[in-house]
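Okay, so here's the structure we're looking at.
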Amino acid sequence: MIDLRLAGRAFLHSSRPSFVLLAPVCIWLGIATAWAAGGNLQPGLVLAVLLAGVFGHISVNLLNEHHDFQTGLDFNTVRTPFSGGTGFLPQTPNAAPYVRVLGWLSLLLVCLLGGYLMWHAGWGLLLPGALGVLLVLYYTSVLNRFPLLCWSAP
């Protein structure tokens, strides 16, 4: 049986909403640059880009939170506002499957939005989109080891 209340709490805590704000800030910077350069901004496409970026960041956070809980890192790390996870999964271990599934569902939504954007803008988005998906998938296991890559990932 799915516990929607627990799934909602898992999403709210483990997605780290205060950090997800970085995604729309970066995206709006790109949108403003395109607008200033005279780009033809279509509201539906702008919304799709914004949602893809936000859910990409959410996916990274959820999958990272689940990975750190599964590997035991959450139990060996002193939490700070910027590292060590949220502490939600060690306190609520039965939420771990929800965090994992929500992370993968968020990434699936990103891929669907990417497909929608490619349908409108063409195959030229395939490579940057694939790189974005790889960034989500390998953020925890590879990029976290290189501070410059973590800094430049957004």
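The values are calculated or read from the model by the stated rules, or taken from the named source; none is laboratory data. All values reported here derive from a predicted model rather than from experimental measurement. We place every Cβ from the backbone using ideal geometry, glycine too, and count neighbours over all the protein chains shown. Each accessible area value is taken on the protein alone, full model and side chains, heavy atoms only, with ligands, DNA and RNA left out. Shrake-Rupley method; radii C 1.70, N 1.55, O 1.52, S 1.80 Å.
Below, the figures for the structure above:
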{"read-out": "Near pairs, Cβ below 8 angstrom, 6+ apart or cross-chain, from the stretch 114-139 (among the aliphatic types (A, V, I, L, M)) to any residue that is open to solvent by 80 Å² or more (accessible area, probe 1.4 Å)", "value": "Met118/Leu126"}
{"read-out": "Residues of the stretch 91-112 classified as surrounded by fewer than 19 Cβ atoms within 10 Å (Cβ to Cβ) and touching a helix residue (DSSP H, G or I) at 6+ places or on another chain (Cβ under 6 Å), total", "value": "2"}
{"read-out": "Any chance Pro17 is of a type outside the set (Lys, Arg), closer than 23 Å to Asn144 by Cβ and touching a residue at least 24 places away in the same chain (Cβ under 8 Å)", "value": "no"}
{"read-out": "Pair list, Cβ < 9 Å and 6+ apart or interchain, from the stretch 49-77 residues that are more than 17 Å from Leu12 (Cα to Cα) and of a type in the set (D, E, K, R) to residues that are open to solvent by 30 Å² or more (accessible area, probe 1.4 Å) and part of a helix (DSSP H, G or I)", "value": "Asp74/Pro90"}
{"read-out": "The stretch 60-82, residues that are of a type in the set (S, T, N, Q) and more than 16 Å from Val142 (Cβ to Cβ)", "value": "Asn61, Gln70, Asn76, Thr77, Thr80"}
{"read-out": "Residue count for the stretch 20-45, restricted to those that are without any contact (Cβ under 8 Å) to a residue 40 or more places away in the chain and either in contact with a Pro (Cβ under 9 Å, 6 or more places away or on another chain) or aliphatic (A, V, I, L, M) (or both)", "value": "10"}
{"read-out": "All positions within the stretch 1-42 that are open to solvent by 90 Å² or more (accessible area, probe 1.4 Å), under 20 Å from Leu63 (Cβ atoms) and β-branched (Val, Ile, Thr)", "value": "Ile2"}
{"read-out": "Single match in Tyr116, Tyr139 (criterion: over 15 Å from Val60 (Cβ atoms), surrounded by 14 or more Cβ atoms within 10 Å (Cβ to Cβ) and not acidic (Asp, Glu))", "value": "Tyr116"}
{"read-out": "Long-range neighbours under 6 Å by Cβ, at least six apart or interchain, first residue β-branched (Val, Ile, Thr) within the stretch 97-111, second part of a helix (DSSP H, G or I)", "value": "Val99/Ala10; Val99/Ser14; Val99/Leu62; Val99/Glu65; Val99/His66; Val110/Ala52; Val110/Phe55; Val110/Gly56"}
{"read-out": "Wholly within the stretch 35-154, helices (runs of 4 or more DSSP H) carrying at least 3 residues that are more than 16 Å from the chain's Cα centre (by Cα) and over 29 Å from Ile2 (Cα atoms)", "value": "43-70, 96-121"}
{"read-out": "Sole residue being more than 20 Å from Val99 (Cα to Cα) and among the aliphatic types (A, V, I, L, M), chosen from Leu73, Leu47, Leu51", "value": "Leu47"}
